[in-house]
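**Student:** Just passing along the structure, written as structure tokens.
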Amino acid sequence: MREPAKPDEKFMRLAVREARKNLKTMDGGPFGACVVKGGRVLAVARNTVLKRDATCHAEVNAIRLASRKIKNFDLSGCVIYSTNEPCPMCFGAIHWARIGAIIYGTGIKDAAKIGFNELNIPDKKMSSLGKAGVRIIPGFLLEECRALLKEWDRLENKKLY
């Protein structure tokens, strides 16, 4: 698995920019993801749960797009950037897609604090229990990701799920 020596801000900023679209469209919460392989962006996606599909979290949407692009479920050698720590469903999808690393900004507790119905099971615990072997880098561009949650939380027309 080829991973970057260190996380790259430009990929997280793509995820943040994509998530910010939901501040206007209200297709889902303020969450974005970007799948990268060898320094090349395979997919950028945002949460679209409010379009009537509870599985359309940003990470799952990005995995679906990346898999379609390379015509394979196996995303070995990829890294996923996520504005928020992946939930258990998304962590499972990352594991099954064989993505080698997760780089995220805010944590599950941050999303729960603003009202999202989160399962408080940290990625590091899931990785350990499941022997997933996924490299996890938390708190990347933390302030930019926190700002995104704060912007969303101030919206009067936001929808919790």
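The values are calculated or read from the model by the stated rules, or taken from the named source; none is laboratory data. Remember, predicted model here, so these are calculated numbers, not experimental data. Glycine also receives a Cβ, built like all others from the backbone with ideal geometry; neighbour counts cover every protein chain displayed. We work out accessible area using only protein heavy atoms, side chains counted, and drop any ligands, DNA or RNA first. Shrake-Rupley method; radii C 1.70, N 1.55, O 1.52, S 1.80 Å.
**Student:** Expressed as a whole number of Å, what is the distance separating the alpha-carbon centroids of the stretch 9-57 and the stretch 70-85?
**Tutor:** 13 Å
**Student:** Continuing with the same structure: Of 95, 54, 70, which is farthest towards the positive pole of the stretch 43-95's charge dipole, taken about the Cα centre with +1 and -1 on the beta-carbons of Lys, Arg and Asp, Glu respectively?
**Tutor:** Farthest along the dipole direction, towards plus: 70.
**Student:** Can you give the extra length, in nm with one decimal, that the chain gains between residue 142 and residue 157 once fully stretched, where that is 0.36 nm per residue apart less the Cα-Cα distance?
**Tutor:** The span from residue 142 to residue 157 would gain 2.9 nm if fully extended.
**Student:** Further question on the same structure: Just grab the label-to-label distance for residue 76 and residue 114, each label 7 Å out from Cα along the Cβ direction, in nm (one decimal).
**Tutor:** In this crude label model, residue 76 to residue 114 measures out at 3.8 nm.
**Student:** Would you mind checking 6/51; 51/71; 6/158 for any pair whose Cα atoms are more than 30 angstrom apart?
**Tutor:** Pairs exceeding 30 Å: 6/51; 6/158.
**Student:** Further, regarding this structure: For the chain, take the longest principal axis of its alpha carbons; what is the angle in degrees between that and the long axis of helix 9-20, to the nearest 10 within 0 to 90?
**Tutor:** Long axis of 9-20 versus the principal axis of the chain: about 40 degrees.
**Student:** Most mobile of 147, 93, 15 per a Gaussian network model of the chain (Cα springs, under 10 Å)?
**Tutor:** With Cα springs under 10 Å in the chain, the top fluctuation among 147, 93, 15 is at 147.
**Student:** Rounded to the nearest 20 Debye, what is the dipole magnitude of the chain about its Cα centre when Lys and Arg each give +1 and Asp and Glu each give -1 at the C-beta?
**Tutor:** 400 debye
**Student:** Next question, about the same structure. How large is the accessible surface of residue 160 in square angstrom, using a 1.4 angstrom probe and rounding to the nearest 10?
**Tutor:** Looks like 100 Å² after rounding.
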